Amino acid sequence: MKYVRFETKTGAKKHGVLKDDKIKVVEGSIFEDHKITDEAYSIHTVRLLAPVEPSKVLCIGLNYVDHAKEFGKPVPDEPLLFLKPSTSVIGPEDNVIYPPQTKNLHYEVELAIVIGRVAKNVKHSEALGYVFGYTVANDITARDLQSTDSQWSRAKGFDTFCPLGPWIETEVKNQDNLDIKLFLNGEERQNSNTNNLAFKCADLIEYLSGIMTLLPGDVILTGTPGGIGSMQPGDKVEAYVEKIGTLTNTIALP
Ligand code: MG
């Protein structure tokens with residue numbers, strides 16, 4: 001199923017499930033027992049929001065061999081973890097704001113895991129049982145600040161630097177074999193498959209839940225493939241993952 005969060009014309013924010021063009025409203029937390037009601041909206045009459053409001057966004061760096069290579073680094077022996085603040089999250093069609101502190105703003109398409117239940121010290125064999133579903137992320141990065149700073153909170157943490165969506169797909173079974181692509185103004189810039197991930201989804205859940213408790217709604221960005229590049233104000237950026245969908249955003253000045 002495709003779980004969405006959306007805003008109605010009257011400003012009400014709701015969760016729902018999308019089928020064809022119709023959203024049926026969900027009553028109760030999507031991470032607990034919940035009911036799909038008969039209250040329905042056309043997707044064309046609402047604004048989609050980020051499908052989840054994570055308490056934290058955990059991100060993995062250099063997790064595709066070709067991206068590590070273009071970055072001039074080997075794939076690390078252990079997953080390379082950094083965090084994006086919850087305030088960086090935006091939804092599909094929202095603008096990514098090009099901050100004045102950078103001169104080199106980059107896209108990074110990523111498969112994103114949405115955690116469904118509290119996960120602490122999870123065993124590898126049970127890791128995928130903690131997944132609610134998968135969505136698409138764009139790990140927006142101020143590449144110049146990433147090289148000048150010894151850690152990446154600033155380069156990756158500006159408001160609007162974590163577009164998520166357009167929905168959470170709960171029926172993905174082959175998360176380790178999904179095509180992943182990014183288009184800038186309609187031109188393909190990244191094209192890979194999640195089978196090129198050095199650390200797979202189950203590896204990451206086991207590893208990360210051994211460090212910090214993962215809460216329902218927390219999001220893990222699994223890393224970006226090769227082909228990173230810069231964007232300019234006015235550019236349209238489309239991040240695509242097979243079986244999930246396309247997350248579209250536009251770059252704008254503050
Ligand atoms: Mg990234």
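For the range 96-138, filtered to residues that are within 28 Å of Asn193 (Cβ to Cβ) and hydroxyl-bearing (Ser, Thr, Tyr), the residue that is nearest to the ligand (Cβ to nearest atom) is Tyr107. All of (1) assigned to a strand (DSSP E or B); (2) in contact with a Lys or Arg (Cβ under 9 Å, 6 or more places away or on another chain) hold for Leu247 with one exception: (2). The single residue among Thr141, Thr160 that is at positive phi, within 16 Å of the ligand (Cβ to nearest atom) and in contact (Cβ under 8 Å) with a residue 12 or more places away in the chain turns out to be Thr160.
If you go through the range 144-157 and keep only what is of a type in the set (Gly, Ala, Ser) and either away from the ligand (no atom under 11 Å from the Cβ) or part of a strand (DSSP E or B) (or both), you end up with Ser147, Ser150, Ser153, Gly157. Within the range 38-70, the set of residues being acidic (Asp, Glu) and more than 16 Å from the ligand (Cβ to nearest atom) comprises Asp38, Glu39, Glu53. Checking the conditions here, which among Gly210, Gly234, Gly165 is on the phi > 0 side of the Ramachandran plot and surrounded by fewer than 22 Cβ atoms within 10 Å (Cβ to Cβ)? Being on the phi > 0 side of the Ramachandran plot and surrounded by fewer than 22 Cβ atoms within 10 Å (Cβ to Cβ) holds for just one of Gly210, Gly234, Gly165, which is Gly234.
Quick note: the coordinates plus some simple rules give every number you see, no bench work behind them. In this text, all values refer to a predicted model and were calculated from it rather than measured experimentally. Neighbour counts run over all protein chains shown; Cβ positions are idealised from the backbone, glycine included.
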